[in-house]
Amino acid sequence: MATPLLSIQEKRIILTRDKGILKYAAVTHGYWLRNDEAKEQVKEVVQRFQLQHIFRPFTRCSCCNGLLQQIESTLLQARLPIDTLLFFNVFKECKSCRKLYWQGSHYDHICEWIEDLKAN
Ligand SMILES: [Zn+2]
């Protein structure tokens, strides 16, 4: 098993289901996730570290964690289908990997999930 060097160097809290990682002497901050399912893990972490009031949804890329910035639809004509450009008004692009985001069919569902996380 490799030592989680990046997490140690950056003094991050290691979230893991692998208790072995937490036994390294170099790991000073770690948390063993009790749940197996991803959504339940998020809920568990939010509650454990009391993160309910510091959410900044839709500001980071879900692929690379890069910052998102708003981008004009006129700049996206070669990258998105015309129906998407006509139907939606707000577009964001990841500054790191250039992934595009808009308030599609999942948006309302994600907002409800975030509100539920904040309430618990
Ligand atoms: Zn990205």
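Just so it is clear, none of the values below were taken in a lab; they were calculated from the coordinates. Since we're looking at a predicted model, the values are computed, not measured. Glycine gets a Cβ as well: all are built from the backbone with ideal geometry, and neighbour counts include every protein chain shown.
Each residue of segment 7-23 in order: what ³J(HN,Hα) in whole Hz does its phi give by Karplus 6.51 cos²θ - 1.76 cosθ + 1.60, θ = phi - 60°, with x for Gly and Pro?
Going residue by residue, I get 4, 5, 4, 9, 6, 8, 8, 7, 9, 8, 9, 9, 5, x, 4, 6, 8 Hz, with x marking Gly and Pro.
Got a sec? How would Ser7, Ser73 order by Cβ neighbour count within 10 Å, fewest to most?
Ser73, Ser7
Each residue of segment 97-105 in turn: what ³J(HN,Hα) in whole Hz from Karplus with 6.51, -1.76, 1.60 and θ = phi - 60°, glycine and Pro shown as x?
Using θ = phi - 60°, the values come out as 10, 6, 4, 9, 9, 8, 7, x, 5 Hz.
For the chain, take the longest principal axis of its alpha carbons; what is the angle in degrees between that and the long axis of helix 38-48, to the nearest 10 within 0 to 90?
Tilt of helix 38-48: around 60 degrees.
In whole Å, what is the distance between the alpha-carbon centres of segment 58-120 and segment 20-53?
About 27 Å separates the Cα centre of segment 58-120 from the one of segment 20-53.
Relative contact order, percent, of the chain when contacts are C-alpha pairs under 8 Å separated by at least 6 residues?
Relative contact order comes out at 17 percent.
In degrees between 0 and 90, to the nearest 10, how far off the longest principal axis of the chain does helix 107-119 point, with axes built from Cα atoms?
40 degrees
Mind listing the long-range amide H neighbours of Ile71? Cut-off is under 5 Å, sequence gap 5 or more, other chains count too, H placed in the peptide plane at 1.01 Å from N.
Residues meeting the criterion, in which the H sits 1.01 Å from N, are Phe91, Lys92, Glu93.
Would you pull out the residues with amide H under 5 Å of Leu15's amide H, same chain only if 5 or more places away, H placed 1.01 Å from N?
The list, which skips near neighbours in sequence, is Tyr31.
Tell me, what is the FRET efficiency for Ile54 and Tyr24 to the nearest 0.05, using R0 = 30 angstrom and their Cβ-Cβ distance as r?
0.60
If the reach is capped at under 30 angstrom between alpha carbons, list the lysines near Lys23, excluding any in the same chain fewer than eight residues apart.
Lys11, Lys39, Lys43
Check each of the chymotrypsin sites (Phe, Trp or Tyr not before Pro) in segment 32-70 and keep only those in coil by DSSP with at most 14 other C-beta atoms within 10 angstrom; list them in order.
For chymotrypsin sites (Phe, Trp or Tyr not before Pro) across segment 32-70 that sit outside H, G, I, E and B with at most 14 neighbouring Cβ atoms in 10 Å, the list reads Phe49, Phe55.
I want the local charge near His29. Using Cβ-Cβ distances under 9 Å, sum +1 for each Lys or Arg and -1 for each Asp or Glu among the other residues.
Computed value for this residue: +2.
In what sequence do His53, His106 fall when counting other Cβ within 10 Å, fewest first?
His53, His106
Please arrange Val27, Val90 by counting, for each residue, the other beta carbons lying within 10 Å of its beta carbon, fewest first.
If I rank by nearby Cβ atoms, fewest first, I get Val90, Val27.
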